[in-house]
Structures are given as C-alpha cells and as structure tokens.
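Asker: Below you will find the structure I want to go over with you.
The values are calculated or read from the model by the stated rules, or taken from the named source; none is laboratory data. Source: prediction; values computed, not measured. Positions of Cβ are backbone-derived with ideal geometry, glycine not excepted, and every protein chain shown enters the neighbour counts. What goes into the accessible areas is simple: the full protein's heavy atoms, side chains included, and nothing from ligands, DNA or RNA. Shrake-Rupley method; radii C 1.70, N 1.55, O 1.52, S 1.80 Å.
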Amino acid sequence: VIFVPLLMSSAAIAILWAGLLDPNFGLASVLGPLVGVKDGNFIGDPQLAFWVIVTVVAWQFVPFHVLLYQGATRQIPVQLYEAARIDGAGRLRQFTSITLPQLRHTIITSSVLMLVGSLTYFDIVLILTGGGPGTATRVLPLHMYLEGFRAFDMGYASVLAVLLLVVGTAL
C-alpha cells in the first residue's frame, strides 16, 4: 500500500488529488474548515497552492526515497553500532557519527534525484492548478509549455528548454 503512489502515473495522481481537493464535492470541502481554510479551496489560495503541489509530489515520491534509505541503512555493519555502544556512545552520537557518514552517498544520490526531478514536474501542476492561481504554481516546464503552445512563442519556449537542459545537466 505504501508503494502504490510510486507505481501510479503522475497524471493519474493529479486527477486523484484534483478530486480530493475539489472545494465543492471533495474531501477538502469537509477538511478545509477544520484546518482553517474556510471554503476548502486549497488549490485556489495563492499561499497554499504551491504547498499543495509540493505535498502531492512528495506523496508520490517519498516511497522511492524511503526504499533508497532503507536499503542503505541495512548495509551499515552492526559491528559499528556495537563498538560505539561499548565506547559509551548514545543514540544521537551513533546517528551523527555512524549512520549519517555511512549514508553520505545515498543522501547525495537522493538529493540529486529530487533536484533533477523537480525540473520535470509539469503534468501534476498542469492538471491540478494550470499554473494558478495567478502564477503561484507556475514552474519552468509549465511556463515553457504555456509560452510555446498557448502563446505560440516557440523561440522563447526553446530558450527555456535549453535552460532546463543546462540546469539539469549541471545538477
């Protein structure tokens, strides 16, 4: 059940969350007033819309990163923790002196995957908010799409595509 979001397509997840966040008929209409959003319109609020997108993307990809970290922590030799315990190290000291250094490569890999992946979140933003309200959730891939295919400014859209390529390659 935990890995189901990872197996679903981004478009299906966006449609699912659009239904859940519908201020008229979705779960947001019930939960909105309970958490301080009077009309339940989480996506229509410029301050909340971006964080809703971040939450949806995190919900989809957290299982993948959990799997990465779980595999990496299982590779840490138990003898390191036993030696640290014998030397009198507490849980916090074991974490900072053993676990974090052993997870260094996994942390770097996970961070790079998140950064490069964040350059491609187009479909979730398009389906959930269309870049709105206003431009609160307009990310670079969506801006490229809107400029190229809605405003018919292919030159500017091509420059944005090259910029995305350069930034993604640099990361």
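Asker: Under a GNM of the chain (C-alpha, springs under 10 Å), which listed residue has the highest mean-square fluctuation: THR99, THR120, THR137?
Answerer: Ranking THR99, THR120, THR137 by mean-square fluctuation puts THR99 first.
Asker: Still on this model: By its C-alpha gyration tensor, with a ≥ b ≥ c as the square roots of the eigenvalues, how is region 1-152 shaped: rounded for a/c under 1.5, else prolate for a/b larger than b/c, else oblate?
Answerer: It comes out prolate by the Cα gyration axes.
Asker: Roughly how many Å is it from the Cα centre of region 18-46 to that of region 57-73, as a whole number?
Answerer: Here the answer is 28 Å between Cα centres.
Asker: Hey, another quick one. Any chance you could look up the accessible area of MET144 with a 1.4 Å probe, heavy atoms only, rounded to 10 Å²?
Answerer: Its accessible surface works out to 50 Å², give or take rounding.
Asker: OK, next. Relative to the first principal axis of the alpha-carbon coordinates of the chain, what is the inclination of helix 10-20, with its axis defined by its Cα atoms, in degrees from 0 to 90 and to the nearest 10?
Answerer: The angle comes out at about 70 degrees.
Asker: Can you work out the PRE-style zone for PHE3? Point 7 Å along Cα to Cβ, and I want the residues of region 71-102 with backbone N under 12 Å.
Answerer: Residues passing the 12 Å test: 71.
Asker: Okay, moving on. Could you give me the ³J(HN,Hα) list for region 129-146, computed from phi with Karplus coefficients 6.51, -1.76, 1.60 and θ = phi - 60°, whole Hz, x at Gly and Pro?
Answerer: Once rounded to whole Hz, the list reads 10, x, x, x, x, x, 10, 5, 10, 7, 9, 4, x, 5, 4, 4, 5, 5.
Asker: Give me the angle, in degrees from 0 to 90, between the Cα long axis of helix 154-170 and the longest principal axis of the Cα atoms of the chain, rounded to the nearest 10.
Answerer: Value to nearest ten degrees: 0.
Asker: Sequence gap at least 6, Cα distance under 8 Å: using those rules, report the relative contact order of the chain to the nearest whole percent.
Answerer: 23 percent.
Asker: Now for a different question. Quote the accessible area belonging to ASP22 in square angstrom, nearest 10, computed with a 1.4 Å probe and with ligands, DNA and RNA left uncounted.
Answerer: So the heavy atoms of ASP22 present about 50 Å² to solvent.
Asker: Also, I was wondering about something else. Determine the order of ARG138, ARG74, ARG91, ARG104 by accessible area, beginning with the largest, at a probe radius of 1.4 Å.
Answerer: Ranked list, largest accessible area first: ARG91, ARG74, ARG104, ARG138.
Asker: Taking Cα atoms, how many degrees apart are the long axis of helix 104-118 and the longest axis of the chain, rounded to 10 and kept between 0 and 90?
Answerer: Computed tilt is about 0 degrees.
Asker: Nearest 500 deg cm²/dmol is fine: what mean residue ellipticity at 222 nm does the chain get from its DSSP H runs of n ≥ 4 alone, each adding -39,500 (n - 2.57), divided by its residue count?
Answerer: The helix-only estimate for the chain comes to -19500 deg cm²/dmol at 222 nm.
Asker: Follow-up question, since we're still on this one. Just to be sure I understand the model, the point goes 7 Å from the Cα along the line to the Cβ. What's the resulting ALA89 to LEU67 distance in nm?
Answerer: 3.0
Asker: Suppose accessible area is computed on protein heavy atoms with a 1.4 Å probe; arrange PHE25, PHE50, PHE42, PHE149 from highest to lowest.
Answerer: Of PHE25, PHE50, PHE42, PHE149, the descending order of accessible area is PHE25, PHE149, PHE50, PHE42.
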